[in-house]
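Worksheet: the structure to be examined is printed underneath.
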Amino acid sequence: MPLLVRTFIKTSLAYLVLSVLVAALLFSKTTAATPVLTLVYYHLFMVGWLTQLVFGVAVWMFPVFSREKPRGNENVGWIIYGFLNLGLLMRVVSEPWHALRPNHVATALMIVSAILQVVAGWLFVWQMWPRVKGPKPPPARSKAA
Amino acid sequence: MPLLSRWFVRTSLIYLCLGFLIGGALLWSRAIGHTGVIWRLLPVHVAWLLFGWMMQLAMGVAYWIMPKSAAPETAERPLTELAWASYASLNLSLLVLALSAAEGHFFGALRPASGALLGLSVLFYAAHLWPRIRAVTQAQGASR
Ligand code: HEM
């Protein structure tokens with residue numbers, strides 16, 4: 001398993017633990033922060049865990065891009081990883097902060113977080129699109145045979 | 001990857017693009033305290049990402065990698081029409097849901113239709129995949 005894939009999958013597991021801890025907190029106590037923490041929990045789970053796990057497994061298992069570059073451009077893969085996680089972490093901090101005490105820093109963080117996550121998603125699609133392909137046709141037989 | 005899997009997976013990637021875009025727009029709106037018409041798209045954001053992206057991707061990959069045939073003697077995927085019908089009704093359901101976000105009685109009334117199509121889609125899909133879930137001998141391997 002390449003390093004990029006391992007990093008995606010291990011980070012996704014960390015988010016799984018974190019999201020379930022937030023869920024446990026939500027189950028145990030209702031506070032003024034409950035509605036916004038519920039949103040944080042949904043996105044830690046669906047973006048941090050599931051989407052990130054899918055990104056890692058798809059980079060690993062989808063049909064290869066080419067023989068020279070089986071997984072496409074790995075540098076773009078690292079940018080996707082960085083943007084998705086930075087964006088999600090910014091959201092996890094800024095959304096509750098903004099909900100409980102609106103301020104300019106939280107507003108800016110939310111906007112940057114939105115841009116980073118959208119760009120990460122789009123870069124992933126751009127990278128994976130050519131790898132969604134059918135099996136190679138069998139090599140043509142030479143006429144002499 | 002077989003043709004239908006390519007359709008499922010590519011369509012799921014499109015929903016990832018659109019679902020994230022709506023999510024990003026909603027987050028931006030929340031940040032600046034905007035409460036406009038964009039919030040009508042919240043259910044579309046959720047359905048497009050849960051069903052259009054996640055579920056559709058899983059359906060495409062499962063169609064590809066599950067044991068190909070229902071019985072060891074055959075090499076063809078069975079009931080492929082059902083799987084295609086599932087693809088069509090899933091995506092029709094997601095488009096109808098987006099229409100239902102528009103203002104007006106007519107559009108609002110489309111929501112149950114979207115739900116029914118989604119239900120049909122997963123029924124068709126389960127009926128297709130059910131017989132393919134069986135023990136595979138080593139020689140048969142997974143399907144290409
Ligand atoms: C697989 C990916 C995702 C799933 C399954 C998902 C699912 C959800 C769900 C279930 C809700 C709650 C809806 C409700 O309260 O009725 C929600 C709300 C929201 N999501 Fe997502 N989401 C995903 C990704 C994203 C991304 C990438 C962004 C931003 C870039 C985003 C931004 C939002 C926003 C802004 C809200 C509304 C928050 C509010 O009410 O203030 N989501 N999403």
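Laboratory data are not the source of any read-out in this text; all were calculated from the coordinates shown. What you see is a predicted model; the values in this text were computed from it and never measured. Glycine gets a Cβ as well: all are built from the backbone with ideal geometry, and neighbour counts include every protein chain shown.
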>> Output the 0 to 90 degree angle, nearest 10, between the alpha-carbon long axis of helix A:52-61 and the longest principal axis computed from the alpha carbons of chain A.
In response: 10 degrees
> What Kirkwood hydrodynamic radius do you get for chain A when you take the inverse of the mean 1/r over all pairs of distinct Cα atoms, in Å?
Replying inline: 17.1 Å
> Mind listing the Cα extents of the protein assembly as shown along all three principal axes, in Å, largest one first?
Replying inline: 76, 48, 39
> Where does helix A:74-100 land angle-wise versus the long Cα axis of chain A, in degrees 0 to 90, nearest 10?
Replying inline: 20 degrees
>> My understanding is that a pair violates if its Cα-Cα distance is over 20 Å; which of A:69/A:133; A:10/B:68; A:136/B:68 do that in this structure?
In response: A:10/B:68
>> If you average the C-alpha positions of the range B:89-104 and of the range A:65-101 separately, how far apart do those two centres end up, in angstrom?
In response: 29 Å
>> Could you derive backbone 3J(HN,Hα) for the range A:36-46 from the dihedral phi with the Karplus parameters 6.51, -1.76 and 1.60 (θ = phi - 60°), listing whole Hz in sequence and x where the residue is Gly or Pro?
In response: 6, 5, 5, 5, 4, 4, 3, 7, 4, 6, 7
> Taking the Cα centre of the range B:3-143 as origin and charging only Cβ (+1 Lys, Arg; -1 Asp, Glu), how large is the dipole, in debye to the nearest 20?
Replying inline: 200 debye
> Which whole DSSP H helices in chain B pass both tests: a Cα extent of 20 Å or more along the axis and a mean Kyte-Doolittle value no lower than -0.5?
Replying inline: B:3-32, B:80-100, B:111-129
> What average number of partner chain Cβ atoms lie no more than 10 Å from the Cβ of the residues making up A:105-112?
Replying inline: 3
> Along the charge dipole of the range B:7-119, which of B:50, B:99, B:22 sits closest to the positive end, that is, farthest toward it, with unit charges on the beta carbon of Lys, Arg, Asp and Glu (+1, +1, -1, -1)?
Replying inline: B:22
> Alpha carbon centre of the range B:4-22 versus the range B:71-86: separation in Å?
Replying inline: 23 Å
> Could you give the dipole magnitude of the range A:3-131 about its Cα centre, charging the beta-carbon of Lys and Arg +1 and that of Asp and Glu -1, in debye to the nearest 20?
Replying inline: 180 debye
> Cα-based Rg (one decimal) and Dmax (whole number) for the range B:3-143, in Å?
Replying inline: 18.2, 62
> Among A:8, A:63, A:51, whose Cα sits farthest toward the positive end of the charge dipole of the range A:3-131 (+1 at Cβ of Lys/Arg, -1 at Cβ of Asp/Glu, about the Cα centre)?
Replying inline: A:63
>> Using the Kirkwood formula on the Cα atoms of the range B:10-63, what hydrodynamic radius do you get, in angstrom to one decimal?
In response: 11.6 Å
> So for chain A, taking the charge dipole from beta-carbon charges (+1 Lys/Arg, -1 Asp/Glu), which of A:79, A:20, A:112 sits furthest toward the positive end?
Replying inline: A:79
>> Give the average, rounded to an integer, of partner chain Cβ atoms located within 10 angstrom of each Cβ in B:23-35.
In response: 6
> Rounded to the nearest 20 Debye, what is the dipole magnitude of the protein assembly as shown about its Cα centre when Lys and Arg each give +1 and Asp and Glu each give -1 at the C-beta?
Replying inline: 760 debye
